[in-house]
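Shown below is the structure under consideration.
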Amino acid sequence: MLNFDYRNPTHIVFGKERLAELDQLIPADARVLVTYGGGSVKRFGTLDKVLSALGGRTVFEFGGIEANPKYETLMQATELARKESIDFLLAVGGGSVMDGTKFIALATKFEGDTSSLLFHGFAPVPVDAKDVLPLGTVATLPATGSEMNAFGVVSYQGGKFPVNHPSIYPTFSMLDPTLTFSLPKIQVANGVVDAFVHVLEQYATYPVDGRVQDRTAEGIMRTLIEIGPITVAEPENYQARANLMWSATSALNGMIGAGVPFDWTTHMIGHELTALFHIDHAQTLAALLPSVWRVRKTQKHAKLLQYAERVWDITDGDEESRVEQAIAKTEAFFQQVGLKTRLRDYDIAKEQIDDILNALEAHGMTALSESGDLGLDVSREILEKAW
């Protein structure tokens, strides 16, 4: 197992009808900015319940955060937070609203060029912890795990940039599965696949004898395979949706990634597809992951073989056959929950692969993989196989 530090300060409040507890989770004298995305939190009454729970606090609202939060929109919210001396942020929505709110937490007291906060990748941005606004979340979409980690992704000038700082862990996150019952089926399917791939990118690398991490990761994946189709088909099946919600949170809260290598190749190439072609994030993952594995079978052989046996119960055939069966079953699972698995299914022309490669180069994505050896030539092979 590799050396690691692990810390996660987020307080999870899980279960039905707990919004009233917001009153105990936010300082009584806080000036609160509530952030959200489109109109769904209004249409289904979630926002009204949140505002009611905040009682007599001074509360401001900022809506309209996009599905891939834009820097320009987030700066409007930042200016509001500065103008009104906001000292607590509350994100009500899915991963994009949470990610955007994390950026607002970093940017509000930042005195430099706020766009510079986007150019540090997975390294923490240079903001003193005392200058980061505290935030909480009310999660309405199980997918990204942003409710229990210190990462976000922001869209800027045609690219998608990860933002990271140890002080943007939410102080608390409320996870009520019933708040997700009204989601469209495609968003639920996206959440299942997003969580599944989050696990895999911390798992399907190379062995380091991280037994607890591996077994936990395998348990999350088997759970998603069991309940994924059920929760897409039965939106008000509480137990299935609760298991999806906790799986998505557990997939990216740092526990399964502690002390093991990870490979975010699928995510990094996927971000370019979303930026260029406006394809849902999870749909890019479904189209790319099987191709990444087919190109990188040699480097990932041992873990893919373990994945085949422990997650899919594949024990017959030679090693090469078992690995290919596992890839095929993964692809079929993505299709089963409702996502397409070829780039051409999303109206991407083969000649547009050059545009994707140019974007990867422009954004410095030229040394991907768990070992940093995946250059643009390999990215091309992945994209061509995914087409």
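FYI, it's all coordinate maths here, none of it is from the lab. Quick caveat, the model's predicted, so the values are computed rather than measured. Quick reminder, even Gly has a Cβ in these numbers, built from the backbone with ideal geometry, and neighbours come from all protein chains shown.
Test of understanding: what is the full-extension gain from residue 115 to residue 354, defined as 0.36 nm times their sequence separation minus their Cα-Cα distance?
Residue separation times 0.36 nm, minus the Cα-Cα distance, leaves 83.3 nm.
Over the Cα atoms of the stretch 229-268, each weighted equally, I'd like the Debye log10 I(q)/I(0) at q = 0.18, 0.21 Å⁻¹, rounded to two decimals.
-0.65, -0.74
Within the stretch 129-143, name every residue whose backbone N is under 17 Å away from a label modeled 7 Å from Cα of residue 60 along the Cβ vector.
In the stretch 129-143, the label zone of residue 60 (backbone N under 17 Å from the point 7 Å along Cα→Cβ) covers 132-136.
Show that you can apply the helix-only estimate: for the chain, add -39,500 (n - 2.57) for every DSSP H stretch of four or more residues, divide by all residues, and state [θ] at 222 nm to the nearest 500.
-14500 deg cm²/dmol
Averaging over every viewing direction, what projected area does the convex hull of the Cα atoms of the chain cover, in nm²?
Directional mean of the projected Cα hull area for the chain stands at 17.8 nm².
Could you state the angle between the C-alpha long axis of helix 71-83 and the longest principal axis of the C-alpha atoms of the chain, as a value from 0 to 90 degrees rounded to the nearest 10?
20
Between their Cα atoms, which of 160/329; 16/70; 70/102 are more than 24 Å away from each other? Mind dumping the intermediate values first?
On the way: 160/329 30 Å; 16/70 32 Å; 70/102 13 Å.
As for pairs spanning more than 24 Å Cα to Cα, those are 160/329; 16/70.
Next up: When Lys and Arg each count +1 and Asp and Glu each count -1, what net charge do the other residues less than 12 Å away from residue 69, Cβ to Cβ, add up to?
Computed value for this residue: 0.
A follow-up question, please. Which ³J(HN,Hα) values, rounded to whole Hz and listed in residue order, are derived for the stretch 158-163 from phi using the Karplus coefficients 6.51, -1.76 and 1.60 in 6.51 cos²θ - 1.76 cosθ + 1.60 with θ = phi - 60°, glycine and proline given as x?
Once rounded to whole Hz, the list reads x, x, 10, 10, x, 10.
What length, rounded to one decimal in nm, is gained on full extension from residue 16 through to residue 328, with 0.36 nm per residue of separation minus their alpha-carbon distance?
Values: separation 312, 0.36 × 312 = 112.32 nm, distance 3.72 nm.
Residue separation times 0.36 nm, minus the Cα-Cα distance, leaves 108.6 nm.
Among 70-79, 184-193, what's the highest-first ranking by average C-beta atoms within 10 angstrom per residue?
184-193, 70-79
Expressed as an acute angle from 0 to 90° and rounded to the nearest 10, what is the orientation of the C-alpha long axis of helix 281-295 relative to the principal long axis of the chain?
30
How far, in degrees from 0 to 90, does helix 211-233 lean away from the longest principal axis of the Cα atoms of the chain, to the nearest 10?
Once rounded, one gets 80 degrees.
Quick one: which residues, 5 or more positions from residue 34 or on another chain, have an amide H under 5 Å from its amide H? H modelled 1.01 Å from N in the peptide plane, none for Pro or chain starts.
60, 61, 62, 90
Right, another one. Among 299, 24, 336, which one shows the biggest mean-square fluctuation in a GNM of the chain, springs joining Cα atoms closer than 10 Å?
Answer for the Gaussian network model of the chain: 24.
Can you compute log10 of I(q)/I(0) for the stretch 258-341 with the Debye formula, treating each Cα as one identical point scatterer, at q = 0.20, 0.26 Å⁻¹?
With one equal scatterer per Cα and no solvent, log10 I(q)/I(0) is -0.96, -1.25.
To the nearest Å, what is the center-to-center distance of the stretch 16-38 and the stretch 47-96, using C-alpha atoms only?
That distance is 11 Å.
Going Cα to Cα from residue 185, which lysines come in below 19 Å? Please leave out same-chain ones fewer than 8 positions away.
Hits, sequence-local ones excluded: 340.
Let me ask something additional. Going highest first, how would you order 53-60, 214-221, 261-268 by mean Cβ packing within 10 Å?
Descending packing order for the listed peptides: 261-268, 214-221, 53-60.
Counting pairs of Cα atoms in the stretch 59-116, how many percent are more than 20 Å apart?
15
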